[in-house]
Amino acid sequence: MASPLRRAAAVAALAGCALAASPAPAHAVAGGAPADAARYPWLAAVGSPVFFLRPAGQFCGGVLIAPDQLLTAGHCVSIAKYVPGALTVTFGRSDLVERGGEQVGVRSVKVHPQYRETTFQDETVPHHDLAILTLDRKVARPTVRLGSPAGAAAGTIAGWGTTSENDLLNTKLRDAAVPIRDTAACTAVYGDSYDPADMACAGDGRTDSCTFDSGGPLLVNGRVAALVSWGLGCGRPGYPGVYTSVADLP
Ligand code: ARG
């Protein structure tokens, strides 16, 4: 790879989320509240020391599904699969500026073989947006089970991401309840970019996931039903968030 700076730019790009300059909605985890990381012991901040923009180099979330296996979004690591050593995984930190919690390295990265990108307006649309990071050691932490959003009215999102499209600074873990939407609510605004075969639709156009929340959970009944993937902006009226189904692991 090139210089650290170029690598940082690459990592920022692979985080896949343009820091949009458009007006922020009042509530974009947009619309949530600060959360205690102890409530989410299996939730990790995925980052890289070369991503200087953020404390802990954080740019995504991930969920522990086995003692050494972290599930995250494919777009979070679609470049880093060539440099797994550039990734860090941090558990148990309610605020990324803190020193506490547990940090682990990454031995290998497996992105979904059908991962690909299209575009919707200015947004990158990742398909089969899943990756598994094999950690360089087993961690002594609870794992989380996978589920499905089918039939549920609402779920919970959690992440260290921005609280609106114009917020670059949030470093605190936040969570929020979001309604699970039907396919029509996403195809109505996203057309064919929304693929119900491997995506889920959630959010009310106010409360939403946002930049740097990708790879984090949409929890339904205590299980990870889908991961934060994409959307047009954050919390824009009429535009739900799009989540990647965890039904077909890489
Ligand atoms: N791609 C973003 C990230 O890397 C997540 C965007 C989610 N957007 C939304 N409107 N729900 O963190």
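Read-outs throughout are calculated quantities, based only on the coordinates presented, and are distinct from any laboratory measurement. Just so we're clear, the structure is a prediction, and the values are computed from it rather than from any experiment. Here the Cβ is made from the backbone with ideal geometry for all residues, glycine too, and neighbour counts use every protein chain on show.
Remarks
- Amide hydrogen neighbours beyond the local backbone of L135, cut-off 5 Å, H modeled: Q69, L70, R107
- Estimated from helices alone, the mean residue ellipticity of the chain at 222 nm is -2500 deg cm²/dmol (sum of -39500 (n - 2.57) over DSSP H runs with n ≥ 4, per residue).
- Note: relative contact order over segment 54-121, using C-alpha pairs below 8 Å and six or more positions apart, is 28 percent.
- Integer Hz, Karplus 6.51/-1.76/1.60 couplings in order for segment 185-191, x for Gly and Pro: 5, 8, 5, 4, 9, 9, x
- Remark: the chain carries a charge dipole of roughly 780 debye about the Cα centre, counting +1 on each Lys and Arg Cβ and -1 on each Asp and Glu Cβ.
- Karplus (6.51, -1.76, 1.60) ³J(HN,Hα), θ = phi - 60°, over segment 124-141, in Hz, Gly and Pro reported as x: 7, 10, x, 10, 6, 7, 9, 8, 10, 9, 8, 6, 7, 7, 7, 9, 8, 9
- Ratio of Rg to Rh over segment 109-247 (Cα coordinates, Kirkwood Rh, two decimals): 0.95
- In this structure the amide hydrogen of A66, modeled in the peptide plane, comes within under 5 Å of no amide hydrogen from residues 5 or more places off or on another chain.
- Long-range HN-HN contacts of C60 with modeled amide H, under 5 Å: V46
- Reducing segment 38-72 and segment 98-146 to their Cα centroids gives an inter-centroid distance of 8 Å.
- For peptides 111-117, 59-65, sequence by mean Cβ density within 10 Å, most packed first: 59-65, 111-117
- Of the peptides 140-153, 44-57, 191-204, the ranking by mean beta-carbon count within 10 Å, highest at the top, reads 44-57, 191-204, 140-153.
- At q = 0.09, 0.12 Å⁻¹ the log10 of I(q)/I(0) for the chain amounts to -0.31, -0.58, computed by Debye summation with a single uniform scatterer per C-alpha, solvent ignored.
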